[in-house]
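Notes follow once the structure below has been shown.
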């Protein structure tokens, strides 16, 4: 075995690319050096280099193989072709079983040959996200100019060229602290030599050093550092020799909203925010230099403090200018901001969100004042898009609106609703709580969903440019976390109607398709065209006519709900079973039903009853195929056996109980009631022959099984359950 | 910023950079005599980065960004400022070292300060140009942009150039340790001739801000834009690359003025940029044809 070592030393590699490049390099070794059975493959990514080391065989072992050629009787052209293809001559062939055979004996091959050959060739095609040519590179490209290639096999150079660079055994340490080259003899010596030359080449080690260094530096002032894993990763890619320092923030600039200050610190400067003992923002920032400076860092700290002062002075300017106007005075300007060419301006959108927020708040039982507040917040929620601060920092949309609403005297509830209306922005983001804030956040997302579905911009397998999946997931989480009872299809209907009014033409074109879709989804529809030319369907939950596009959007949301359940390790087939029975659009209730059913199925009674259900369903399927369906009233006079009488009685009792519990929305109790069926069902199958010789008895017993199925379907379509 | 009293004056920074880059073999050019938004527009950079011939030049270019005017009230923003521009073709193998040496020349010691190369993908939609490189940071402050040109005027370059742009005011503020651009020491004279940046430029900043935002005759500017566009086309047809390119520069600046006057809508904006890019591409093609034809 031999130690393989490769280092590709270049000018500064963008931080965000280093880790992926290191992984790619490890994969390349695994794939290209496979004949050398590489193991202990370990790769490195740092600011000026990627590297990999592995233990490999010293040579590719010799191998023998046989190639079968044409038949001995084949025309001579076939033989010529075979020889040409394999670069062989007639004398090398042997004849066996009526065929020509070429025996290939590949001799063993030194590892260096494979490395300098196929491996180096594959390296030249290394997949950087974006690469470039430079003065000496010719047609060769790399992420930034490649300056050195170190390639060693047990300490000996494997000679090859990569673009304009010939491999050798010299590398470099820190750019300023130890300029010049040093000789590499092994992977371990390389890593240690680099450390002595002020380069921590292992990314995890750099990250940990920074984490500890920041904590220590802040700790000296009695402060903590605000966690930011993404920033930590980025900074770890920007420095070779991390030196953590603390700078002071101008006390006057602590009056800025912390979000503004800390975003500027992070995005523009890669600084970490600090917290005092109580967890409040402290007037210091922590940052990472790439050098242990000869004055202990005094000039570096002073410089960074000055830069931050200027940055924050910019922010202070916007903060002061923006607050000179009332938030609502910006509304007319939203007319100049396009949301989407087919969905109008942000002004039009604000109008829709206003109406929708009011509708949602009402549906959630809000009083007049709360509904008004939700509408007001909806109207104002996009106004900050034309503020100076959001122009500079788009990430602060919503947050600035909240501040400006407060300073315009809109009241705390409205300010909070505006502030949180984009939330949740991701699966771990906080969900707005309270009816007013939640109504606005829901309105924002539902308008987005309805809008893009109406204009036909639905997500495809790979593309979701308008983040509709995130919007749908946001709707789900807001409803579930707040345990809202929201008639979702009706709210979607309001949203679609609003959109359709503003883009009537677009709506008309897709009407037919929408109706066809609703029908294909087996929604119990009276699909028809309304006087205005748009399709409506019956909402099975409310019994009202709703826009025919709604079921498709609702299904999209339900699909996200399935994904969510799956990601939480829950059974989504249980959700399907419930959905197909309930036609419910109250997500909270759907989940309650789903959980109750899931719990029941997990119990012994539940599993047993499911088995009985399947047995009856099987019998019914087979018998229905002969002379079914077997539906209709059970004739009590034809119930002969004690077990079937008992089952019929139990079914009626359980059904009455189930209906009562379902009306009370006590799903767990409804499910528990089904446990009472277990004994009579078991007894029935033990003692009663369904396919009795008497046709009358047989029909009545099949009806009894159909009744069992239908009673169970009151809570869920058990046929949708898997496993 | 050790000893900021002895830090270089604004004009001495320029002179130090001139001497340094002259030693590296650059021709020291004077500013191009037209209004432009960035030093990159100078034909010594755009046109010369195309074609096969080696080239190295350094110069100061006044840069005009009409929308950045603040009536002299913002300590960090100007509608007219200076860029120091270096271009070397082909890019030298030690470009990064040269650059760091140039910072040493003006008093920024990399053993005392924290110099960094932070990813920056440069692109100029109006010039149809892009390149890869970095922002150069010194103690968290951007003190320059370093680019390896890959494409200019819609044409992939024959030989990549190294382009370095220093924002002179910002750099000087850092070197001198001042927080307001108008307080920069412009020269090292004593007595009445000791002049600050404000003494030299404050009045102009105020007046140009008013011109850019309030007064400039937009109908005239639009007319001139059309004129420049037509003239550029006519000159391209005659194969006169640099005169044609002058009209492209003119059109670009007229567009910037119209933009500052707020008469260009969002959708029109993209169209205007596209029109300037079309001119830049045509000029670049004519230039390259001439470079290869005549050797």
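The values are calculated or read from the model by the stated rules, or taken from the named source; none is laboratory data. Computed from a predicted model, the values in this text were never measured in an experiment. Neighbour counts run over all protein chains shown; Cβ positions are idealised from the backbone, glycine included.
What the table below lists for this structure:
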read-out	value
Only one of B:222, B:141 that is out of contact with any strand residue (DSSP E or B) (no Cβ under 9 Å at 6 or more places or on another chain) and within 12 Å of chain A (Cβ to nearest Cβ)	B:141
Some residue of segment B:234-256 being touching a residue at least 12 places away in the same chain (Cβ under 8 Å), in contact with a strand residue (DSSP E or B) (Cβ under 9 Å, 6 or more places away or on another chain) and over 30 Å from residue B:53 (Cβ atoms)	yes
Candidate set from segment A:566-575 (those that are within 14 Å of the chain's Cα centre (by Cα) and in a helix (DSSP H, G or I)); member that is surrounded by the most Cβ atoms within 10 Å (Cβ to Cβ)	A:566
Residues that are part of a loop (DSSP other than H, G, I, E, B) and surrounded by fewer than 23 Cβ atoms within 10 Å (Cβ to Cβ), drawn from segment A:411-430	A:411, A:422, A:423, A:424, A:425, A:426, A:427, A:428, A:429, A:430
Residue list for segment A:337-353, restricted to those being in contact (Cβ under 8 Å) with a residue 12 or more places away in the chain, out of contact with any strand residue (DSSP E or B) (no Cβ under 7 Å at 6 or more places or on another chain) and over 30 Å from residue A:368 (Cα atoms)	A:340, A:342
Every residue from segment A:257-305 that is part of a helix (DSSP H, G or I), touching a helix residue (DSSP H, G or I) at 6+ places or on another chain (Cβ under 8 Å) and more than 14 Å from chain B (Cβ to nearest Cβ)	A:259, A:260, A:261, A:263
Filter pass, residue A:73 being modelled with pLDDT of 90 or more and either more than 14 Å from chain B (Cβ to nearest Cβ) or under 25 Å from residue A:25 (Cα atoms) (or both)	no
Filter result for the condition that a residue is closer than 23 Å to residue B:119 by Cβ and either more than 10 Å from chain A (Cβ to nearest Cβ) or buried (at least 19 other Cβ atoms within 10 Å of the Cβ) (or both), over B:166, B:197, B:182, B:208	B:166
Residue match in segment A:322-334 (condition: within 14 Å of chain B (Cβ to nearest Cβ), farther than 30 Å from residue A:271 by Cβ, part of a helix (DSSP H, G or I) and more than 29 Å from the chain's Cα centre (by Cα))	yes
Out of B:12, B:33, sole residue that is more than 14 Å from every other protein chain (Cβ to nearest Cβ) and in a loop (DSSP other than H, G, I, E, B)	B:33
Residue check for residue B:159: part of a loop (DSSP other than H, G, I, E, B) and either at pLDDT 95 or above or crowded, with 23+ Cβ neighbours inside 10 Å (or both)	yes
Only one of A:698, A:678, A:660 that is at pLDDT 90 or above and closer than 22 Å to residue A:594 by Cβ	A:660
Residue list for segment A:583-594, filter: assigned to a helix (DSSP H, G or I) and either over 17 Å from residue A:568 (Cβ atoms) or in contact (Cβ under 8 Å) with a residue 60 or more places away in the chain (or both)	A:587, A:588, A:589, A:591, A:592, A:593
Condition check for residue A:625: in a helix (DSSP H, G or I) and either surrounded by 14 or more Cβ atoms within 10 Å (Cβ to Cβ) or modelled with pLDDT of 90 or more (or both)	no
In segment A:152-172, residue farthest from residue A:15 (Cα to Cα) [restricted to those that are surrounded by 17 or more Cβ atoms within 10 Å (Cβ to Cβ) and touching a residue at least 60 places away in the same chain (Cβ under 8 Å)]	A:153
Single residue of A:238, A:232 found to be within 31 Å of the chain's Cα centre (by Cα), within 14 Å of chain B (Cβ to nearest Cβ), surrounded by 15 or more Cβ atoms within 10 Å (Cβ to Cβ) and within 25 Å of residue A:19 (Cβ to Cβ)	A:238
Residue B:172 being within 14 Å of chain A (Cβ to nearest Cβ) and surrounded by 23 or more Cβ atoms within 10 Å (Cβ to Cβ)	yes
Residue within segment A:142-151 that is without any contact (Cβ under 8 Å) to a residue 40 or more places away in the chain and within 14 Å of another protein chain (Cβ to nearest Cβ) present	no
Answer from A:385, A:356 - the residue that is in contact (Cβ under 8 Å) with a residue 24 or more places away in the chain, surrounded by fewer than 23 Cβ atoms within 10 Å (Cβ to Cβ) and within 32 Å of the chain's Cα centre (by Cα)	A:385
Unmet requirement for residue A:705, which otherwise passes all of (1) assigned to a loop (DSSP other than H, G, I, E, B); (2) within 16 Å of residue A:620 (Cα to Cα)	(1)
Pair list, Cβ under 6 Å, 6 or more apart: segment B:78-92 residue in contact (Cβ under 8 Å) with a residue 12 or more places away in the chain, other residue surrounded by 23 or more Cβ atoms within 10 Å (Cβ to Cβ) and in a loop (DSSP other than H, G, I, E, B)	B:79/B:69; B:87/B:45; B:87/B:161; B:89/B:161; B:91/A:134; B:91/B:160; B:91/B:161
Residue A:253, sole failed condition from (1) at the interface with chain B (Cβ under 9 Å from one of its Cβ atoms); (2) part of a helix (DSSP H, G or I)	(1)
Residue match in segment B:64-87 (condition: within 14 Å of chain A (Cβ to nearest Cβ), out of contact with any helix residue (DSSP H, G or I) (no Cβ under 8 Å at 6 or more places or on another chain) and either assigned to a strand (DSSP E or B) or within 25 Å of residue A:136 (Cβ to Cβ) (or both))	yes
Positions within segment B:117-154 being outside any strand (DSSP E or B) and more than 17 Å from residue A:47 (Cβ to Cβ), in sequence order	B:125, B:126, B:127, B:128, B:139, B:153, B:154
Filter pass, residue B:111 being facing another protein chain (nearest Cβ under 9 Å), out of contact with any helix residue (DSSP H, G or I) (no Cβ under 9 Å at 6 or more places or on another chain) and within 25 Å of residue A:247 (Cα to Cα)	yes
Single condition residue A:308 does not satisfy, out of (1) over 30 Å from residue A:351 (Cα atoms); (2) more than 10 Å from chain B (Cβ to nearest Cβ); (3) over 34 Å from the mean Cα position of the chain (by Cα)	(2)
Every residue from segment A:341-358 that is in contact with a helix residue (DSSP H, G or I) (Cβ under 7 Å, 6 or more places away or on another chain) and within 14 Å of chain B (Cβ to nearest Cβ)	A:345, A:346
